[in-house]
Amino acid sequence: MGAITSLFVRKVVAAAGPGTDARNLLASVGLEADATVDPKVMIADNAYYDLIERIASETDITDLPLRTGASMRCDDYGALGLAFKAAPTLQGSFSRVERYARLWTNVVEYELRSEGNTVWFFLQRSGPRRLGLRISNEATLASAAAIAREVSTDGIFDPIEVHLQHAAPASTRAHEDYFGCPVHFGSDRDALLLSKDALARPNRLGDEGITQYLLGHLDQELASVESPKSIARRTRDVIARALSEGVPKMEDVARRLGMSVRSLHRKLSEDGLSFQSLTEETRKDLAVSLLKQEQYSIAEIAFLTGFSDQSAFTRAFKRWLGETPATFRKNS
């Protein structure tokens, strides 16, 4: 199950305004309206999306993600926000987000990717593209713009373009006014397109010494929340769910995990794994598990583990365990 910091939940509820019952909305996800705001308190991602969709049923939410994003401040993010402010340049600030976003969510990953004189700041989020997720993506990119404006020397930060994968609302004027640039809905990505010149600008409170101290602290926090096996486990889960449609490609699995192929390859390599070996192990383990359940025929198991026919499955199983699926089932 994915998780998102409760800070975002509170910000969305506050931005929804007086037309909604804030206390009741917060209670629906287990938060008390009068409790101290603690970004380390996490909320299930689907509960968060449910809450957004409930707000949508009560009021027009066209500009809700923009108002939510505009309300974000660096200090809301704790040590990460301080590191964002203290980075010498905006490039450094966005690099902090790319590396340490795991501290406030495990359903979103960020990636900076150079392209000529520009840099893409990608937002990659797993899960079905339901309304709550789409609004959350808009709010996340709006938040990035808000804190970039906060740390700039003149309060100005305008992307070259904003891209969102989902369809546009009835009016996009509020989005273009907020971001100060064209906003492309129905794109193939969720991202900000930034100029390298803008990213090279010094931050108002940039301080290399403070930055190094904060990065050490963030590295310790990150180590405490990351499990070295978590990416392998998550990848295997996605592979297992996809096998009935055939052996999934790495790019498809990466997309379902909310990350780029490059990021997935890097994370698996750090654990001494490859996508191919992980896929093979997943198919083998799933086959063994299903063979122990009498309700599945061997032909059905072949299909569920991504094989085109039973003979191909039998050959692979003999390679894995040295015996046929039928023999294994008989002896189990």
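The values are calculated or read from the model by the stated rules, or taken from the named source; none is laboratory data. Since the structure is predicted, the reported quantities are computational estimates derived from the model, not experimental observations. Heads up, the Cβs are rebuilt from the backbone with ideal geometry, glycines too, and the neighbour counts pull from every protein chain shown. Surface accessibility is based on the protein's heavy atoms, side chains included, excluding ligands, DNA and RNA. Shrake-Rupley method; radii C 1.70, N 1.55, O 1.52, S 1.80 Å.
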Query raised in the report: Asp158 is checked against (1) out of contact with any Cys (no Cβ under 6 Å at 6 or more places or on another chain); (2) of a type in the set (Asp, Glu); (3) in a loop (DSSP other than H, G, I, E, B) and fails just one. What number does that condition carry?
Result: (1)
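Give me the residue from the stretch 12-21 that is in contact (Cβ under 8 Å) with a residue 12 or more places away in the chain and open to solvent by 40 Å² or more (accessible area, probe 1.4 Å) and, out of that set, nearest to the chain's Cα centre (by Cα).
Ala14
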Query raised in the report: Is the stretch 247-258 home to any residue that is of a type in the set (Gly, Ala, Ser), in a helix (DSSP H, G or I), modelled with pLDDT under 90 and within 30 Å of Gly78 (Cα to Cα)?
Result: yes
Report task. Return the only residue of Arg149, Arg113 being of a type outside the set (Gly, Ala, Ser), farther than 30 Å from Ala223 by Cβ and open to solvent by 40 Å² or more (accessible area, probe 1.4 Å). Result -> Arg149
**Report entry** Residues within the stretch 171-187 that are farther than 15 Å from Pro65 by Cα and either of a type in the set (Ser, Thr, Tyr) or part of a loop (DSSP other than H, G, I, E, B) (or both), tallied
**Finding:** 5
Report summary line: Taking first residues from the stretch 22-51 that are within 18 Å of Gly78 (Cα to Cα) and second residues anywhere that are of a type outside the set (Phe, Trp, Tyr) and loosely packed, with under 12 Cβ neighbours inside 10 Å, the pairs with Cβ under 6 Å that are 6 or more apart or on different chains are none
Query raised in the report: Is the stretch 310-320 home to any residue that is open to solvent by 60 Å² or more (accessible area, probe 1.4 Å), assigned to a loop (DSSP other than H, G, I, E, B) and farther than 21 Å from Val253 by Cβ?
Result: no
Query raised in the report: Right, Val29: open to solvent by 20 Å² or more (accessible area, probe 1.4 Å), in a loop (DSSP other than H, G, I, E, B), under 14 Å from Ser136 (Cβ atoms) and not hydroxyl-bearing (Ser, Thr, Tyr) or not?
Result: yes
Query - Residue satisfying all of: in the stretch 156-168; open to solvent by less than 40 Å² (accessible area, probe 1.4 Å) and of a type outside the set (A, V, I, L, M); nearest to Ser71 (Cα to Cα) among these - result: Phe157
